[in-house]
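One structure below.
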Amino acid sequence: MAFDDDGVRAGAGTLSDELRNRLEEMIVSGLLKPGERLDEVELAARFKVSRTPVREALKALSATGLVDIRGRQGITVAIISIPILLEMFQMMAALEGLCAKLAARRATVVEKAALREIHGRLINALSTSDPDNFYAINSEFHELLYDAAHTHFLAGQTRALRRRVAAYRRYVTYQPGRMAATIGEHERILDAIERADAETAFKAASEHVNLLGDDMADFIAALPAALVQEA
């Protein structure tokens, strides 16, 4: 990734904004993992920039909770404790449910058709046993669900929280049987949206995201120790 000498890419934001966006994508995609140290000098050399925009980008990521800055202890990709992580999933369930509820009331014919198209690709992806591809298509489905709710603040908050827990959500996808279960859960969400059944859409989307009982225990057991911290 190279930048202009004046710190601004044509048609883009400031250099620190570009760096922040790039680093955020690396964290969300798992290229930078929770607990991984972020060295200003190394990052400056890697992206061929000075340390100032790197420092500004890291401060911005710290404000969103994606990065921890702890003085002499250095800068790392944020690690989430199990109790807080479970609270985040509960909040995600409520937000996703509300998005689905509003989508059932507001989604256009075109948006409903697009959700069906993505769902079809997700079904095809299930047969390939490629969890990374499945996860990517699944993310498309949820992104369109937020758009179909036709909100501004709610969609933004839902996306922000989803990105905050993205590194952990992948381990849900990798659980045995989870991808197959997702197909049925999405089908229930879609059916409710197509029937304009707002309450059923809310319930189906909330249950799809929330972790309960054995699913929660299996998820926690699957997380590498390096990705979680003590409460």
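What are the pairs with Cβ atoms under 7 angstrom where one residue, in the range 33-46, is in contact (Cβ under 8 Å) with a residue 60 or more places away in the chain and the other, located anywhere, is β-branched (Val, Ile, Thr) and part of a loop (DSSP other than H, G, I, E, B)? Sequence gap at least six, or different chains.
The qualifying pairs are Pro34/Ile79; Gly35/Ile79.
Every residue in the range 21-44 that is open to solvent by less than 70 Å² (accessible area, probe 1.4 Å), assigned to a helix (DSSP H, G or I) and over 22 Å from Glu140 (Cα atoms), please.
Passing the criteria: Glu40, Leu43, Ala44.
Please enumerate the residues belonging to the range 146-169 that are closer than 23 Å to Asp191 by Cβ, open to solvent by 60 Å² or more (accessible area, probe 1.4 Å) and touching a residue at least 40 places away in the same chain (Cβ under 8 Å).
His150 - this is the single residue of the range 146-169 that is closer than 23 Å to Asp191 by Cβ, open to solvent by 60 Å² or more (accessible area, probe 1.4 Å) and touching a residue at least 40 places away in the same chain (Cβ under 8 Å).
Can you name every residue in the range 129-180 that is modelled with pLDDT of 90 or more, aromatic (Phe, Trp, Tyr) and either touching a Cys at 6+ places or on another chain (Cβ under 8 Å) or part of a loop (DSSP other than H, G, I, E, B) (or both)?
Tyr146
Looking only at the range 87-111, which residues are over 22 Å from the mean Cα position of the chain (by Cα) and either closer than 14 Å to Thr200 by Cα or open to solvent by less than 10 Å² (accessible area, probe 1.4 Å) (or both)?
Within the range 87-111, Ala104, Arg105 qualify.
What's the number of the only condition in (1) touching a residue at least 24 places away in the same chain (Cβ under 8 Å); (2) more than 24 Å from Ile82 (Cα to Cα); (3) among the basic types (Lys, Arg) that Lys59 fails to meet?
With (1) touching a residue at least 24 places away in the same chain (Cβ under 8 Å); (2) more than 24 Å from Ile82 (Cα to Cα); (3) among the basic types (Lys, Arg) applied to Lys59, the lone miss is (1).
Looking at (1) without any contact (Cβ under 8 Å) to a residue 60 or more places away in the chain; (2) within 27 Å of Gly65 (Cβ to Cβ); (3) touching a Leu at 6+ places or on another chain (Cβ under 9 Å), which is the one condition that is false for Ala180?
Of the numbered conditions (1) without any contact (Cβ under 8 Å) to a residue 60 or more places away in the chain; (2) within 27 Å of Gly65 (Cβ to Cβ); (3) touching a Leu at 6+ places or on another chain (Cβ under 9 Å), the odd one out for Ala180 is (2).
Mind checking whether some residue in the range 181-190 is in a loop (DSSP other than H, G, I, E, B) and closer than 22 Å to Ala221 by Cβ?
No, the range 181-190 contains no residue that is in a loop (DSSP other than H, G, I, E, B) and closer than 22 Å to Ala221 by Cβ.
State which residue pairs qualify: first residue open to solvent by 60 Å² or more (accessible area, probe 1.4 Å) and inside the range 118-145, second residue of a type in the set (A, V, I, L, M, F, W, C) and modelled with pLDDT of 90 or more in any location, beta carbons under 7 Å apart, and separation of 6 or more residues or different chains.
From the range 118-145, the pairs are Arg121/Ile137; Ile123/Ile183; Asn133/Ala125; Glu140/Ile118.
Quick check: anything in the range 67-75 closer than 18 Å to Ala160 by Cβ and open to solvent by 20 Å² or more (accessible area, probe 1.4 Å)?
Yes, because at least one residue in the range 67-75 is closer than 18 Å to Ala160 by Cβ and open to solvent by 20 Å² or more (accessible area, probe 1.4 Å).
The values are calculated or read from the model by the stated rules, or taken from the named source; none is laboratory data. Predicted model, so just to flag it, every value in this text is computed and none were measured. FYI the Cβ positions are ideal-geometry reconstructions off the backbone, even for glycines, and counts take in every protein chain you see. We work out accessible area using only protein heavy atoms, side chains counted, and drop any ligands, DNA or RNA first. Shrake-Rupley method; radii C 1.70, N 1.55, O 1.52, S 1.80 Å.
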